[in-house]
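Heads up: the structure comes next, in structure tokens.
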Amino acid sequence: MASAIDSLLGKLWSNRELLWQFTTRNVELRHKGSHLGLVWSVIAPLLLLSLYVFVFGYIFGGSFGIIPNETKVDYGLGIFMGLTIFHAFGEVGGLAPAVIVTQPNLVKKVVFPLEVLPASVVLGGLFHFLISLAILLVGVAWIGPGLTVNSLWLIVILLPMVFFLLGVSWILSALGVFFRDITQLIPFATMAVMFASAVFYPAHSIPPEAWFWMRLNPVLLIVEMSRDAVLWGRSINLNHLAFVYAASAMVFLLGQFMFRKVKPAFADVL
């Protein structure tokens, strides 16, 4: 298994220029035809941040109830952090099922490293994620509670997300070749994951009987730990962190195994 992982990561590294080209193309296609182009990658998160603070903070008067004297801005930043993390998963989930199907010419080229296509979807999603994250951190430092040393935990918390997304992308791209209807299920699945990831509410409000199952959702744990590190200044739950790393490793291994096993059949199906 270790040799298979080394081979896969080695293949991605040896084809890093090709991976970069497809990642760049994916990002450019998202903004193709717009006058501002990539500038929208900055403007869109700023508009969303303003909207969340105004609607959920000032109109609905929401509160996570974690820190004393929580302001409406704190609540809006909490929602924005949850959505920033979730959108990375949502973008990969929305694009990965079709990334192989829409490239039949590349599939039939025996020497083309197909693993690059799902990986480019992940890198494209991470590009937009990092822009939104940077805007969030500026917002926390400028209008929020301020950044502390505890915020450095964010690096440790978000690192396994890369491997989780790679695994998900390989799984969905492989399934998308054989089950075209999966693209119809993705919007519902994406919405279900969003509501199950405590984006709009604190995890402590989840009833115990529901928490027994929802705690197995790595996205929820990543969202909560990220808020603890950056917004709420609380200690990180190391058990949750260990579970996220373990779950990400399992999804990564499953994804690379499934993709490698079914890849030879892609050309016959397409």
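A few comments on the model shown:
- Just one residue in the set ARG16, ARG30 is of a type in the set (D, E, K, R) and at pLDDT 75 or above; that residue is ARG16.
- Spans of helices (runs of 4 or more DSSP H) in region 181-270 with at least 3 residues modelled with pLDDT of 90 or more, of a type in the set (Phe, Trp, Tyr) and within 22 Å of the chain's Cα centre (by Cα): 238-262
- Residue in region 61-76 that is assigned to a helix (DSSP H, G or I), of a type in the set (Phe, Trp, Tyr), in contact with a Lys or Arg (Cβ under 9 Å, 6 or more places away or on another chain) and free of Cβ contacts under 8 Å to residues at least 24 places away in the same chain present: no
- VAL168 being in a helix (DSSP H, G or I), buried (at least 16 other Cβ atoms within 10 Å of the Cβ) and touching a Gly at 6+ places or on another chain (Cβ under 7 Å): yes
- One residue from LEU238, LEU220 being without any contact (Cβ under 8 Å) to a residue 60 or more places away in the chain and either of a type in the set (S, T, N, Q) or crowded, with 18+ Cβ neighbours inside 10 Å (or both): LEU220
- Of note, VAL140 satisfies the criterion of being over 20 Å from the mean Cα position of the chain (by Cα), in contact (Cβ under 8 Å) with a residue 24 or more places away in the chain and either buried (at least 16 other Cβ atoms within 10 Å of the Cβ) or over 17 Å from GLY82 (Cα atoms) (or both).
- Residue within region 4-12 that is within 25 Å of LEU106 (Cα to Cα), touching a helix residue (DSSP H, G or I) at 6+ places or on another chain (Cβ under 6 Å) and modelled with pLDDT of 80 or more present: no
The values are calculated or read from the model by the stated rules, or taken from the named source; none is laboratory data. This one's a predicted model, so the numbers in the text were calculated from it and none came from an experiment. Counting neighbours? That spans all protein chains shown, and the Cβs are built from the backbone with ideal geometry, glycine included.
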